[in-house]
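The structure appears below as structure tokens.
The values are calculated or read from the model by the stated rules, or taken from the named source; none is laboratory data. What you see is a predicted model, and the numbers here were worked out from it, not measured in a lab. Positions of Cβ are backbone-derived with ideal geometry, glycine not excepted, and every protein chain shown enters the neighbour counts.
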Amino acid sequence: MISVHRIRPIIRKEFRQIMRDRRSLGVLLVVPAFMLIMFGYALNYDVQHIPLAVYDQDRSTMSREFIQQFIHSEYFDFAGSISSEQEIDTVIPSQKARVVVVIPPRFSEDLLANRSVSIQVLVDGANATTAATAAGYLVAMTQDYSTNISLQALQRFGMSKPTLPIDYRPRIWFNPELKSAKFMVPGLIGFILMMSTVVSTSLSIVREREKGTIEQISVSPIHPMELLVGKTMPYVLISLIATVLILITGYALFNVVVRGSMLLLFLETLIFTFCGLGLGMWVSTVANKQDEAFQLATLVSFLPTFMLSGFAFPIANMPKVIQWITFINPARYFLFILRSIILKGVGLSALWQETLFMTLFALGITAISWNKMRKSVFRV
Amino acid sequence: MIDPSNTAIAINGLKKSFEETEAVRGVNLTISKGEMFGLVGPDGAGKTTLIRMLCGILVPTEGNATILGYDLATELNSIKPKIGYLSQRFSLYPDLSIDENIEFFAEIHEVKGYEARRNELLEFTRLTPFRDRLADKLSGGMKQKLALAATLIHKPEIIFLDEPTTGVDPVSRREFWKILSSLLEEGITILMATPYLDEAERCSRVGLMSNGQILLADTPQQVKRQMKGSVLEVIPSNLNKATDTLKKYSEVIEVQTFGDRINVVVEGNVAADTLTGWLSKAGVETKMIRNIQPSLENVFIALLRERSEEEPAHA
């Protein structure tokens, strides 16, 4: 019944139309890599080079040493010294500094006398994320310094080899520098694949209906399944090429290396692409015009893939109800799978559950759409 | 009565409803092989719906048809390779060239070695010089000829044409008709819907469709004989006054206006002199008056009016 001889001309025709429409082809291939560059550099959660001003009322060797440890780290940049209380009120609003460290007059004297010293730290809270991170760094570094002083003091009192009860040494695996880009690349692949497959599939089907060409095809011996396979195949191929381009860009600019199996990555990508195609088919059964299809396709692909997949916001932080919704979101599984393969090098044995869910979604949405389409594509 | 082996299309009580409206309300019609059947009627008469059902695009609500001996409801797959359909609006790919469009339709119909047939069709439709041009860049007439060429690539035995010359310039129209005549010589059966009565006049048979039904189907000559009374063509000095005056006489069945002249349909043997007398009594001068052969248009307008008087409830 289904004949390759009749699918081939449809694929060829579709490719001809895609190649002729250079702008759309460019959107499908180049925009993903471009988006990666944009997101990779702009959507950066890493906080570095925070301008830090100092009001050093002690002006001792010890106070300078204390401040040096902040400034010598990559997190803070020295933004100048302050000489009066009044000046503190101006440096933060004028954006000269986002953090001010105030050292009390008898800083070194008190420390040497083994008395506790209070350090005042002012943080600009206008950007909550940066403020929280900066405060965290400051606390950690101050504690480090203060521990060192205690240890030195103990040594001076005659303890030979002082030990701390707990030596806290965190090690972050898979992304030791906690680079956002490494985390972004897998998310972007999912996001871009979903957008491009849903939009292009739905548009290409709705266009045939809008132009009336579907009628000419429907009076030919073409089976609806042949038409559908022929029309979607080119977009599967283009999506895979776009994935390769994203991976190359990710490697070249952000040093993201695929640690796991490339073959597995492509198989998973293929399954995910079918989720997108199914969703695109569904959109085409609902929308009658190309602009309607475009809007609906963007909505159903953008929202779940960006918001509910763990790409923009961690799923663990979402309310329970929304967490439940994410279970029917294929992007959720795909992102998990991609991160596991790219960053951790995990194999199928650890990912079979996610793969299964994603496959079920692909089959389910295709079956639903196919059922709706079979009645509406050709016959009214 | 009808030789089944010679029947191209046999329509049996075909009906189609869309939600509230009944577009086709019971059509019975038999079209022989090699015939050119013209379907005429006002907009919304159900011509397009009927054609689309016969092509398998729409599923009939009731009734059935056989096409080339195959059952439309159950043997559509055997019918499809043998028919061609040209829809009302241009429905080929605007971003593909003439050659590519024809190639596509040849291949989905699994036509082997279509190149020779394509050259022949392009020659036939005089599109050869434009074969690399994108369909979008063609004129209306050329588009229609391309669509016809694509429809003919798989050598269908029946072609369904839905107002193929609407919006086509007169020269291209004439060319299009030349092509259709040579197709008929090859033995192809043509069913076409047309809004032009001069086109209908050239068909071997015409069917008048109105309100989802075929009111009559016969050769153009026979249809004209259905006309009750005779037709007089008059050029009066005052068109409106003449029309109003003549309508008062019971012998006058109908007055139809055609530009500066009126066609007066009269009962039996009302002579030209009688008519001139009536007009001059009302102060209207008769510049010209003659007896004319009723045209298809006269007949159809008369028939449609008769119908609407019979069943005015139809809206």
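Here are the numbers for the structure shown:
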read-out	value
Region A:13-51, residues that are of a type in the set (G, A, S) and within 14 Å of another protein chain (Cβ to nearest Cβ)	A:S24
Matching option when the condition is assigned by TED's automatic domain parsing to the domain that holds A:I67 and touching a strand residue (DSSP E or B) at 6+ places or on another chain (Cβ under 9 Å), among A:A135, A:A113, A:A128	A:A135
Filtered residues of region B:60-75 (kept if surrounded by fewer than 19 Cβ atoms within 10 Å (Cβ to Cβ) and either free of Cβ contacts under 8 Å to residues at least 24 places away in the same chain or hydroxyl-bearing (S, T, Y) (or both))	B:T61, B:Y70, B:D71, B:A73, B:T74, B:E75
Residues (of a type outside the set (S, T, Y) and assigned to a strand (DSSP E or B)) located in region A:39-80	A:I50, A:P51, A:L52, A:A53, A:V54, A:D56, A:F76, A:D77, A:F78, A:A79, A:G80
Residue list for region A:248-268, restricted to those being part of a helix (DSSP H, G or I) and crowded, with 21+ Cβ neighbours inside 10 Å	A:G250, A:E268
Residue that is surrounded by the most Cβ atoms within 10 Å (Cβ to Cβ) [pool: residues in region A:199-220 that are of a type outside the set (D, E, K, R) and in contact with a strand residue (DSSP E or B) (Cβ under 8 Å, 6 or more places away or on another chain)]	A:Q216
Leading residue by the ranking (farthest from the other protein chains (Cβ to nearest Cβ)) among those in region B:96-136 that are among the basic types (K, R) and more than 24 Å from B:D162 (Cβ to Cβ)	B:R131
Unique residue being within 14 Å of chain B (Cβ to nearest Cβ), in a loop (DSSP other than H, G, I, E, B) and in contact (Cβ under 8 Å) with a residue 40 or more places away in the chain when the list is A:I2, A:I10	A:I2
Unique match (being without any contact (Cβ under 8 Å) to a residue 12 or more places away in the chain, in a loop (DSSP other than H, G, I, E, B) and not β-branched (V, I, T)) among A:P93, A:P105	A:P93
Matching helices (runs of 4 or more DSSP H) fully within region B:194-247 where at least 3 residues are among the aliphatic types (A, V, I, L, M)	B:239-247
Subset tally (residues that are touching a Leu at 6+ places or on another chain (Cβ under 8 Å) and more than 11 Å from B:N298 (Cα to Cα)) for region B:233-261	7
Scope region B:1-45; condition in contact with a helix residue (DSSP H, G or I) (Cβ under 9 Å, 6 or more places away or on another chain) and not in a strand (DSSP E or B); matching residues	B:K33, B:G34, B:E35, B:G41, B:P42
Every residue from region B:201-230 that is modelled with pLDDT under 90 and hydrophobic (A, V, I, L, M, F, W, C)	B:L215, B:L216, B:V223, B:M227
Of residues in region A:293-345 being small (G, A, S) and over 17 Å from A:V185 (Cβ atoms), the one surrounded by the most Cβ atoms within 10 Å (Cβ to Cβ)	A:A297
Members of region B:247-260 that are farther than 16 Å from B:I292 by Cβ and in contact with a helix residue (DSSP H, G or I) (Cβ under 7 Å, 6 or more places away or on another chain)	B:Y249
Subset of region B:73-91 (residues that are of a type outside the set (D, E) and more than 22 Å from the chain's Cα centre (by Cα))	B:A73, B:T74, B:L76, B:N77, B:S78, B:I79, B:K80, B:P81
One residue from B:V24, B:V59, B:V40 being in contact with a Leu (Cβ under 7 Å, 6 or more places away or on another chain), within 14 Å of chain A (Cβ to nearest Cβ) and farther than 20 Å from A:T213 by Cβ	B:V24
Residue tally, condition more than 19 Å from B:E157 (Cα to Cα) and in a loop (DSSP other than H, G, I, E, B), over region B:75-111	9
Residue list for region B:112-145, restricted to those being among the polar types (S, T, N, Q), in a helix (DSSP H, G or I) and under 26 Å from the mean Cα position of the chain (by Cα)	B:Q144
Residue match in region B:164-173 (condition: touching a residue at least 60 places away in the same chain (Cβ under 8 Å) and not small (G, A, S))	yes
Candidates A:T201, A:T243, filtered to the one that is part of a helix (DSSP H, G or I) and either over 15 Å from A:E14 (Cβ atoms) or not assigned by TED's automatic domain parsing to the domain that holds A:L351 (or both)	A:T243
Counted residues, region A:71-101 - those being among the aliphatic types (A, V, I, L, M) and either within 30 Å of A:F157 (Cβ to Cβ) or touching a His at 6+ places or on another chain (Cβ under 9 Å) (or both)	1
Members of region B:76-89 found to be more than 7 Å from chain A (Cβ to nearest Cβ), crowded, with 20+ Cβ neighbours inside 10 Å and without any contact (Cβ under 8 Å) to a residue 60 or more places away in the chain, listed by number	B:I79
Residues of region A:122-158 classified as surrounded by 15 or more Cβ atoms within 10 Å (Cβ to Cβ), more than 28 Å from the chain's Cα centre (by Cα) and outside any helix (DSSP H, G or I), total	1
Residue match in region B:157-167 (condition: among the charged types (D, E, K, R) and in a strand (DSSP E or B))	yes
Among (1) touching a Gly at 6+ places or on another chain (Cβ under 6 Å); (2) modelled with pLDDT under 90, the one test that B:G113 misses	(1)
